[in-house]
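Bear in mind these aren't lab numbers, they're just calculated from the coordinates by the rules spelled out. The shown structure was predicted, so the numbers you read here are calculated from the model rather than taken from an experiment. Every residue, glycine among them, receives a Cβ derived from its backbone with ideal geometry; neighbour counts consider all protein chains shown.
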């Protein structure tokens with residue numbers, strides 16, 4: 001192997017590590033992510049999901065969300081009627097933002113990714129899991 005190939009490999013590894021560090025430690029701006037979702041029906045896209053749950057408690061959903069691994073509150077509270085959570089992937093620490101808001105007697109759950117174009121259905125799966133747990137009284 002030539003010297004320029006080794007330099008290329010080292011630079012490539014450093015760029016890869018820098019991106020990994022940025023993804024894990026990039027600041028989360030509540031002004032950007034803590035936005036009230038509005039929905040009349042469920043919507044599933046490549047990098048996001050919106051679910052509407054009828055007649056459920058934000059307090060109960062908050063307990064479920066906080067038991068989810070690598071999940072913390074970014075902004076809001078039960079008293080505010082809206083909470084935005086950040087859940088990070090296990091290996092890279094990719095952040096997903098989930099906003100849950102009361103809309104009348106219903107809850108609107110809006111999960112979306114920050115980096116990339118597709119989350120491979122992770123937000124949809126998480127929201128459906130939360131909805132299932134909530135409806136099962138867990």
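Taking a point 7 Å out from the Cα of residue 24 in the direction of its Cβ, the residues of segment 88-106 whose backbone N falls within less than 17 Å of it are 88-96.
With axes computed from alpha carbons, what is the tilt in degrees of helix 3-25 against the longest principal axis of the chain, rounded to the nearest 10 within 0 to 90? For helix 3-25, the angle is close to 20 degrees. Distance between the modelled labels on residue 129 and residue 15, one decimal in nanometres: 3.3 nm (7 Å Cα→Cβ projection). Rounded, prolate or oblate: which fits segment 40-138, taking a ≥ b ≥ c as square roots of the Cα gyration tensor eigenvalues, rounded meaning a/c under 1.5, else prolate when a/b beats b/c? Prolate, since a/c reaches 1.5 and a/b exceeds b/c.
Each stretch of four or more DSSP H residues adds -39500 (n - 2.57); spread over every residue of the chain, this sum gives -11500 deg cm²/dmol at 222 nm. So what's the angle, to the nearest 10 degrees on a 0 to 90 scale, between helix 122-135 and the longest Cα principal axis of the chain? So the inclination is approximately 30 degrees. Counting only Cα atoms, the size of segment 1-97 along its three principal axes is 66, 24, 24 Å, in decreasing order. The label-point distance for residue 117 and residue 73, in a model that sets each label 7 Å from Cα toward Cβ, rounds to 3.7 nm. Packing, as the average of other Cβ atoms within 10 Å across residues, places the peptides 27-35, 56-64 in the order 56-64, 27-35, highest first. When the alpha carbon gyration tensor of segment 1-57 is reduced to an equivalent ellipsoid, the three semi-axes, largest first, read 44, 15, 8 Å. The Cα trace of segment 80-138 gives Rg and Dmax of 12.4, 38 Å, the first to one decimal, the second as a whole number. Computed packing ranks the peptides 101-108, 65-72 as 101-108, 65-72, most packed first, by mean other Cβ atoms within 10 Å.
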